[in-house]
Amino acid sequence: MSLNKESRKDILIIGGGIIGCSTAYQLSRHPSFSPSTTTIKVIEASKHGPAQGASGKAGGLVAKWAYPKELVAVSFAEHVKLAQEHNGKDRWGWRFVGCGSWEGKGAVLSDDASGTGVGAGGRRKSLEKTLGLEGGRKSDPASRKRKGLPEDLLWVDEGLTHSYSPMASDGDTAQVHPFLFTTSMMDLAVERGAELISGRVTSLNISDGKVTGVTFVNTHSGQNETLPATDIILAAGAWSPSVLPSLPISATRAHSITIHPQPSVNISPYVLFTEIALPERRGLTVSPEIYARPGNEVYACGPGDDSLLPENVDDVLVDETACESIHKHVSSISPELRDGTVDKRQACFLPIVETGGGPMVGAASKVAQGLFIATGHTCWGICNAPGTAKALSELIMDGRIQCANLKRLDPSNFI
Ligand SMILES: Cc1cc2nc3c(=O)[nH]c(=O)nc-3n(C[C@H](O)[C@H](O)[C@H](O)COP(=O)(O)OP(=O)(O)OC[C@H]3O[C@@H](n4cnc5c(N)ncnc54)[C@H](O)[C@@H]3O)c2cc1C
């Protein structure tokens with residue numbers, strides 16, 4: 001028996017970031033999903049596959065105290081469930097972490113220790129006479145307590161610490177490795193029949209007020225092609241306005257690095273929001289975020305800048321001096337990080353709703369029937385991806401969102 005056109009769904013997701021891949025996953029797990037009646041395709045512009053943008057280069061914090069609350073509530077619970085179901089601990093580094101704001105001063109570092117003298121990926125050696133932090137290494141339990149430093153947070157210098165304040169209660173903050181989480185979501189969706197296509201969407205095809213598909217440039221052949229679809233989810237992060245120009249989304253670039261400390265060093269699981277007074281520039285403070293990760297990896301990111309968004313995620317430029325600055329700043333409060341090996345130096349763009357109050361999650365019926373928007377997740381897209389994805393899967397498969405009240409995030413409030 002052939003299905004009539006109304007009951008068939010050909011769902012196309014534009015963007016293989018965490019939002020797109022998580023949505024493919026949730027659709028493929030929806031109780032009404034059947035490969036015989038529904039197809040799920042994710043189209044991604046990078047020639048390297050999913051998670052090449054912010055979703056592969058973010059910190060990976062997942063917090064009950066993130067925002068917006070209505071999306072966090074469902075997202076945090078989904079993260080816990082996903083980790084249980086798919087062994088997230090081993091598969092994408094899921095774990096609970098301590099999280100706090102750290103204030104203090106940086107030690108004076110020589111130029112060599114700032115990273116300019118070491119080539120990309122080179123091993124950084126500790127030269128004893130340049131260890132500006134050494135004086136502060138003596139750990140006094142009373143002083144640690146007074147400053148609020150947890151007993152096991154031994155990889156920042158106590159002598160340089162003014163104060164440490166936990167940002168949340170135990171159990172309220174967790175983390176994932178964003179690249180591994182995103183690619184796992186895609187792989188798990190593919191196991192249920194979803195498909196990944198390599199191409200950059202150049203336009204939505206709409207007829208009689210309804211989506212009919214997209215036109216895209218095939219990444220491998222360079223040829224223009226079309227793909228039919230009954231439902232389209234625009235989840236292209238900072239690039240979403242290139243497909244739908246009326247979206248008020250802007251892009252902010254941010255740099256980050258990963259460091260592998262010496263194998264003998266124990267980096268306890270903390271995420272630090274720092275405020276470091278620079279010794280060489282009186283009155284100037286910097287605020288890198290530092291994320292200990294499983295597998296002896298530490299991630300650190302710096303501030304955003306207003307670099308222009310390139311056409312393709314593969315063309316995002318990395319400013320090496322920005323990466324060196326991040327390393328210099330985190331090194332100035334931690335000999336463990338200074339003596340580690342810098343592995344990745346990278347940059348990415350996070351999507352920001354220009355009018356504030358995002359992300360946008362829901363149907364864009366004013367633009368076309370069958371069009372859905374999921375973008376503008378700012379600095380909480382890793383945290384909020386599972387909830388966004390669950391809501392969209394319900395909206396598309398059941399006709400309404402049941403897991404949360406997301407009226408505030410309805411795209412009609414923004415477009
Ligand atoms: C430095 C930094 C640290 C962060 N830390 C955290 C954190 O700790 N916790 C947290 O919750 N969030 C964090 N974030 C935010 C988070 O990374 C983003 O909100 C999230 O990754 C956005 O996901 P996305 O899928 O919308 O976008 P992206 O990851 O940018 O994915 C969009 C994808 O769409 C593709 N695409 C674009 N245009 C097209 C097209 N025309 N056709 C086909 N494909 C297209 C792109 O190539 C890209 O792969 C951080 C962000 C930054 C920059």
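The values are calculated or read from the model by the stated rules, or taken from the named source; none is laboratory data. Everything quoted here is computed from the prediction, not taken from an experiment. Glycine also receives a Cβ, built like all others from the backbone with ideal geometry; neighbour counts cover every protein chain displayed. When the accessible area is computed, the model is the full protein with side chains, heavy atoms only, and any ligands, DNA or RNA have been set aside. Shrake-Rupley method; radii C 1.70, N 1.55, O 1.52, S 1.80 Å.
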Review point. Once the Cα atoms of helix 18-28 and of the chain are each reduced to a long axis, what angle between those two axes, in degrees from 0 to 90 to the nearest 10, is obtained?
Key: 50 degrees
Review point. Dipole size in debye (nearest 20) for the chain around its Cα centre, Lys and Arg Cβ +1, Asp and Glu Cβ -1?
Key: 520 debye
Revision key, fill the gap. Of the stretch 86-107, those with amide N under 17 Å from the point 7 Å along the Cα→Cβ vector of Glu191 are 86-94
Practice item. Choose one answer from Pro359, Pro288, Pro263: the residue with the largest mean-square fluctuation in a GNM of the chain with alpha-carbon springs under 10 Å. Key: Pro263
Review point. Using +1 on the beta carbon of Lys and Arg, -1 on that of Asp and Glu, and nothing else charged, what's the dipole of the stretch 268-415 about the Cα centre, debye to 20?
Key: 600 debye
**Study point:** Accessible area (Å², 1.4 Å probe, nearest 10) - Val286
**Key:** 30 Å²
Study note, to complete from the structure: With a 18 Å threshold on alpha-carbon distance, the violating pairs from Lys64/Lys344; Lys81/Lys390; Lys69/Lys390 are Lys64/Lys344
Practice item. Please sort by residue number the GluC sites (Glu not before Pro) in the stretch 131-240 whose DSSP state is loop and whose Cβ has at most 10 other Cβ atoms within 10 Å. Key: Glu151
Practice item. Take Lys147, Lys81 and sort them by solvent-accessible surface of the protein heavy atoms, 1.4 Å probe, largest at the top. Key: Lys81, Lys147
**Study point:** Per-residue [θ]222 nm for the chain (sum of -39500 (n - 2.57) over DSSP H runs n ≥ 4, rounded to 500)
**Key:** -7000 deg cm²/dmol
Check your understanding: At a probe radius of 1.4 Å, what is the per-residue accessible area of Trp65, in Å² to the nearest 10?
Key -> 70 Å²
